[in-house]
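Below is one structure; the comments refer to it alone.
Every number here is computed from the coordinates shown, using simple stated rules; none is lab data. Since the model is a prediction, treat every value here as computed from it, not as a measurement. Cβ coordinates were reconstructed from backbone atoms using ideal geometry, including for glycine residues, and neighbour counts include every protein chain displayed.
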Amino acid sequence: MLDGAVVTVELTVCAALLSLIIGTLSVALQLSRFRAGYWLSRSYVSAMRGTPLLVQLFVVFFGLPLLGIKGQSFLAATLAIGFNSGAFVTEILRAAILNVPAGQLEAAQAIGMSRAQTSRRVIMPQALVLSLPALTTEFTLVLKATPLASVVAVTELTYTGTLIIARTFHPTEILLTVAAGYVVVALAFTQLSRWLEQRFAILHL
Amino acid sequence: MDWQLMFDNLPLLLEGLERTIAISIAGVVLGAAVAAILVALQRSGRRWLIVPVRVYTEVVLGMPNLVLLYIVFYVLPGVGLLIEPLAAGLITLILYYSPYFAEVMRGALAAIPAGQIEAGRAVGMSRPAVMWRIILPQAFGLMLPPMTNLIIGLIKDSSILSVISVVELAFQTKQVIARTYAPFEVYLLVAIIYWVLISTVAVGLRRAERWVTLYRRA
């Protein structure tokens, strides 16, 4: 079962990283000068939030072979969860960026910084700090989404649990252990989130 | 992609959609009812009532809903309660979402200025009357935006019930795929159906939000 837990953590980390990358790109598109980028990003967010993750997972899982990639269920799960979470990360980053005081932007432009410089050195650092609490919540949601990968036979914690149950016929003990595993890791994430918030509160934002 | 094949199987999918809508409505109504009870318990001030609620909330908030579903379906029979899939699924949805609903309700109730209660009591209204005629109407308007997100989440999570062979949209897609052997196309179509359903619900709830807060914006 420990192997299953390892795979769960791997899946969570990979999906979370992917969602951060996609979320950042998506937010950049939304706030860019290109109307097409805005429309693309909004459609992406709407699609991800308007459909169940299970269905998205199956679409990716059955769609990958059509692109020539066969038999990769871990990849399918990572892509599906990553893309789904990326939409929520987009919204989180969008809210954070819009909450950076306008004076920061004005001051940066007054000094003569270009748009790229302002974004990189003034806006994004502050936006990232503002978004930390919501991002850790989202990270926890990614963790809680990983059991869905068991329906495409990714050997994560829940799937491993069901395999053991099929062998030993002790659903109660196994499932309660599995549940406890998730609760423990979720609590760890919550503690990490609180620690991070305290560290960054020094910045007096 | 054979669209004629899709249209032929549409009735099966629509039957699943009907069941999904029914399950979602039941889940929301019952979940909100349980949440109201949870909130009442938490505001009672009695520790022996509050502590179990907090424990239950913390435990459920940390658990994935699929794991909770397996527990309800596979573990409860061990203690003598044999539950059919639909009931197990509904119970899971309610167990999972009522803490979230309760947190939203608690926040909404706490956001009403205490002056409202004081004024109501000052003109001689009883406690229940104050709650029913002054607090709840205002709290309802505050609750709706976060509840919209939760309700949409519940509708999406109803798809998980397909793992327990509950007849709803996600389960019916597997039936259709068994007939058509076109998993990608069918799941894409079903994704669109879900998207239309959820967008409609979202728009409807936003209208409801505006109607409920008319008193504030007239």
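Just rank B:Thr200, A:Thr162, fewest to most, by other beta-carbon atoms within 10 angstrom.
B:Thr200, A:Thr162
Report, in degrees rounded to the nearest 10, the 0 to 90 angle that the Cα long axis of helix B:47-61 makes with the longest principal axis of chain B.
Compared with the principal axis, the helix lies near 30 degrees.
Taking the Cα centre of the protein assembly as shown as origin, sum charge times position over the Cβ atoms of Lys and Arg (+1) and Asp and Glu (-1), and report the length of that vector in debye to the nearest 20.
Using only the charged Cβ atoms, the result is roughly 1440 debye.
Among B:Tyr215, A:Tyr182, A:Tyr38, B:Tyr74, which comes first, second and so on when ranked by fewest other beta-carbon atoms within 10 Å? Display every interim value, and only then the final one.
Details: B:Tyr215 9, A:Tyr182 24, A:Tyr38 14, B:Tyr74 17.
Taking fewest neighbouring Cβ atoms as first place, the list is B:Tyr215, A:Tyr38, B:Tyr74, A:Tyr182.
Could you derive backbone 3J(HN,Hα) for the stretch A:110-127 from the dihedral phi with the Karplus parameters 6.51, -1.76 and 1.60 (θ = phi - 60°), listing whole Hz in sequence and x where the residue is Gly or Pro?
5, 6, x, 6, 6, 4, 5, 5, 4, 4, 6, 9, 10, 6, 4, x, 5, 5
Give, rounded to the nearest 20 debye, the magnitude of the charge dipole that the stretch B:3-217 has about its Cα centre when Lys and Arg contribute +1 at Cβ and Asp and Glu contribute -1 at Cβ.
Details: 17 positive and 11 negative charges, 217 e Å.
Rounded to the nearest 20 debye, it is 1040 debye.
Net charge within 15 Å of B:Arg210 by Cβ-Cβ distance, Lys/Arg positive one each and Asp/Glu negative one each, not counting B:Arg210 itself?
Local net charge: +3.
Once a ≥ b ≥ c are taken as the square roots of the eigenvalues of the Cα gyration tensor of the protein assembly as shown, is the result rounded (a/c under 1.5), prolate (a/b larger than b/c) or oblate (a/b not larger than b/c)?
rounded
Any idea what the dipole of chain A comes to, in debye rounded to 20, about its Cα centre with Lys/Arg Cβ at +1 and Asp/Glu Cβ at -1?
660 debye
Working from Cα positions, state the angle (0 to 90°, nearest 10) between the long axis of helix A:157-168 and the longest principal axis of chain A.
Taking Cα atoms only, the helix is inclined about 10 degrees.
Can you find, among A:Thr146, A:Ile92, A:Ala116, the residue sitting farthest towards the positive end of the charge dipole of the stretch A:48-199, where Lys and Arg contribute +1 and Asp and Glu -1 at Cβ?
Sorting the options by dipole projection puts first A:Ala116.
In degrees, nearest 10, range 0 to 90: what is the angle between the Cα axis of helix B:183-212 and the longest Cα principal axis of chain B?
20 degrees
First select every other residue whose beta carbon is under 13 angstrom from the beta carbon of A:Ile22; then total the charges, Lys and Arg +1, Asp and Glu -1.
-2
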